[in-house]
Amino acid sequence: MSLAFNHRHLYYFWVVAKEGSMSRAAERLDMAVQTVSAQVRELERDLGCQLLRPAGRGLALTEAGTVALQQAEHIFQLSQALPGQVLATVQAPSVRLAVGIADGLPKLEVRRLLQPILGVANLRLVCDDGEMADLLADLVLHKLDVVLTDHPAPSNLQLKVHSHSLGASDIGWYGSPHWWAVAQAGFPASLQDVPVLLPTLHSVVRGPLDRWLLHRGLRPRVVGEIEDSALLETFGSTGLGVFPAALAAQEQLLERSQVRLLGACEGVQEHYYAISTERKVVHPLVQQLLRRA
């Protein structure tokens with residue numbers, strides 16, 4: 001049975017359910033009562049259950065009929081909205097940007113990197129995060145317009161992709177109010193006296209952080225190694241330990257998580273890149289990201 005046929009039967013049932021009787025539904029549809037009744041019976045046969053039952057001089061919904069009516073309401077609301085939505089799309093076409101976000105890129109920085117284009121009229125932003133190799137494959141297949149990452153694309157890839165610098169941010173140490181009060185005065189030596197959260201070894205910035213600590217003779221008590229920067233912030237904001245994050249995110253972190261900057265991690269930076277399939281980028285929104293970097 002075709003989809004259109006089922007849809008028509010459902011519509012007749014919907015009208016009958018709304019009107020409460022076959023005769024009133026037939027009058028509204030300008031059809032014979034027998035025709036409307038036959039269409040509803042077809043739907044009941046297709047679904048394998050009774051949807052309507054006699055109730056006085058009219059009809060009432062069975063339990064299955066109540067569920068069918070709820071679904072029909074959704075379907076016909078969408079149908080009624082369809083012409084307007086299509087017309088709005090034609091009158092104001094969206095500007096689409098499909099962005100791949102590499103797993104290692106701190107999520108704290110994603111919004112800041114995309115900030116230059118977030119105010120574009122009729123923007124339709126599609127974000128997909130995942131492993132770098134998978135994202136680059138989608139980029140080459142034109143499923144993505146650009147990939148944002150914290151390291152350039154490997155030079156030994158067979159894929160023809162190009163890395164464009166989006167700048168860098170110095171790293172600092174942050175803590176919840178309790179640990180900030182404990183560690184701020186004697187920073188950085190005070191890192192010995194507080195629990196510390198670090199990104200995992202998978203993170204590009206982990207090596208420089210370890211060297212920074214070693215160079216200062218610091219062996220802090222590491223209570224967690226967390227790959228996702230958003231989780232790092234979450235655990236840090238609840239007082240599990242102090243943690244590293246970009247200095248550029250200082251205001252956001254204070255506003256969102258009430259964590260405060262203990263001090264800078266001199267010489268340690270996060271670098272950001274946009275990877276495209278063209279050396280000279282042609283997508284206007286990617287061009288805008290690069291110009292504002």
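Considering every residue within the range 123-137, establish whether at least one is within 21 Å of residue 256 (Cβ to Cβ) and without any contact (Cβ under 8 Å) to a residue 12 or more places away in the chain. Looking through the range 123-137, none of the residues is within 21 Å of residue 256 (Cβ to Cβ) and without any contact (Cβ under 8 Å) to a residue 12 or more places away in the chain.
Answer yes or no: is there a residue in the range 87-108 that is under 22 Å from residue 204 (Cα atoms) and in contact with a His (Cβ under 7 Å, 6 or more places away or on another chain). Within the range 87-108 (the criterion being under 22 Å from residue 204 (Cα atoms) and in contact with a His (Cβ under 7 Å, 6 or more places away or on another chain)), the answer is yes, since at least one residue qualifies.
If the condition is being modelled with pLDDT of 85 or more, over 18 Å from residue 7 (Cβ atoms) and polar (S, T, N, Q), then the range 54-92 contributes 62, 66. Regarding residue 202, is this residue in contact (Cβ under 8 Å) with a residue 60 or more places away in the chain, surrounded by fewer than 18 Cβ atoms within 10 Å (Cβ to Cβ), under 30 Å from the mean Cα position of the chain (by Cα) and more than 23 Å from residue 240 (Cβ to Cβ)? The answer is no for residue 202. Just one of the numbered conditions (1) crowded, with 19+ Cβ neighbours inside 10 Å; (2) within 22 Å of residue 103 (Cβ to Cβ); (3) touching a Phe, Trp or Tyr at 6+ places or on another chain (Cβ under 9 Å) is not true of residue 146: (3). So residue 171 ticks every box in (1) surrounded by fewer than 20 Cβ atoms within 10 Å (Cβ to Cβ); (2) among the hydrophobic types (A, V, I, L, M, F, W, C); (3) touching a strand residue (DSSP E or B) at 6+ places or on another chain (Cβ under 6 Å) but one. Which box is left unticked? Of everything listed in (1) surrounded by fewer than 20 Cβ atoms within 10 Å (Cβ to Cβ); (2) among the hydrophobic types (A, V, I, L, M, F, W, C); (3) touching a strand residue (DSSP E or B) at 6+ places or on another chain (Cβ under 6 Å), residue 171 misses just condition (1).
Quick check on residue 256: is it among the charged types (D, E, K, R), in a helix (DSSP H, G or I) and modelled with pLDDT of 95 or more? Give the derivation first.
Numbers: among the charged types (D, E, K, R): yes; in a helix (DSSP H, G or I): yes; modelled with pLDDT of 95 or more: no.
Against the criterion (among the charged types (D, E, K, R), in a helix (DSSP H, G or I) and modelled with pLDDT of 95 or more), residue 256 does not qualify.
The set of residues from the range 174-199 being of a type in the set (Phe, Trp, Tyr) and either open to solvent by 20 Å² or more (accessible area, probe 1.4 Å) or at positive phi (or both) comprises 179, 180, 187.
Only one entry of 282, 242 meets the criterion of being farther than 22 Å from residue 153 by Cβ and of a type in the set (Val, Ile, Thr), and that entry is 242. Filtered by the rule that a residue be open to solvent by 50 Å² or more (accessible area, probe 1.4 Å) and either closer than 11 Å to residue 162 by Cβ or part of a helix (DSSP H, G or I) (or both), the range 275-287 gives 278, 279, 280, 284, 287. Of all residues in the range 138-153, those satisfying the criterion of being of a type in the set (D, E, K, R) and either under 20 Å from residue 111 (Cα atoms) or at pLDDT 95 or above (or both) are 145, 150.
The set of residues in the range 133-143 that are over 16 Å from residue 285 (Cβ atoms) and open to solvent by less than 30 Å² (accessible area, probe 1.4 Å) comprises 135, 136.
Among the residues of the range 205-254, the one identified as surrounded by fewer than 16 Cβ atoms within 10 Å (Cβ to Cβ), more than 17 Å from residue 191 (Cβ to Cβ) and touching a helix residue (DSSP H, G or I) at 6+ places or on another chain (Cβ under 6 Å) is 230.
The values are calculated or read from the model by the stated rules, or taken from the named source; none is laboratory data. Bear in mind the structure is a predicted one, so any value in this text is a computation, not a measurement. Here Cβ is always computed from backbone atoms with ideal geometry, including for glycine, and neighbour counts include all displayed protein chains. Calculation scope for accessible area: heavy atoms of the full protein, side chains included, ligands and nucleic acids excluded. Shrake-Rupley method; radii C 1.70, N 1.55, O 1.52, S 1.80 Å.
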